[in-house]
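To start, the structure under review is shown below, and the notes come after it.
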Amino acid sequence: MSMKMKAAGSGIGAAVLACGTIGLLALTGCSAGSASSSAGGASASATASAPSAAPSSTAPSWAAALGTGVTVVPPGSAAPGHGSPAAVLAGLFQAVKAKNATAYCGYAEPSTQAQCKSALSQISASQFPTVKNGVPGYAVIDGDKAVAGLTGTLCATGQTECIDNSDPAAVFTSLHSFGALWKNAMTSNDSIYTLTPLTKVNGNWYVTATS
């Protein structure tokens, strides 16, 4: 249930992935069923270093393995925008509900936004995914990179081919270092629940383009 931005292929056919998701800003949801806290078989060895400047007074048990200089942001609601990973997810939820292609592509990395808008201009609103009860989960920030989870239900097209996740710490509890979390978010199969990779550009957060 990751919200990802895919690198564009050639032609409109390449821009639209299977399951009716939009290629340049793909919302995963190809397999029905509930997501688990394991992630695609990826693994990482835990370290003893504790993260710094965690916003919550009580860090989750898995936070100690993330690495030094890492910030853990607890789950919760956020206003749409670019000020934080959670704000980006909230903005994406809003754009999906409104079927607003311009707003949708506005959360892509700036270098890919024009390409995203061009592709989406040829896509009907009926091909947009849907989201229900979407709430940002845990986010982990390391400098200008972040990975973020979410809870709720994402459906690839309409109300079919959905993935549910109710655990805001899913994936975080099984992949420990930030490096492992980032790698998994960038390369994981779209048909399973994964974290969303984000990058800060000129002080604003955007969803990172994946291949």
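Here are the numbers:
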| quantity | calculated |
| --- | --- |
| J(HN,Hα) series, the range 84-101, from Karplus relation 6.51 cos²θ - 1.76 cosθ + 1.60, nearest Hz, glycine and proline x | 7, x, 5, 5, 5, 4, 4, x, 5, 4, 5, 5, 5, 4, 7, 6, 9, 5 |
| Across 99/132; 117/200; 97/200, pairs whose alpha-carbon gap is larger than 18 Å | 117/200; 97/200 |
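Rule-based calculations on the coordinates, nothing more; no lab input. Note that this is a predicted model, so its numbers are computed, not measured.
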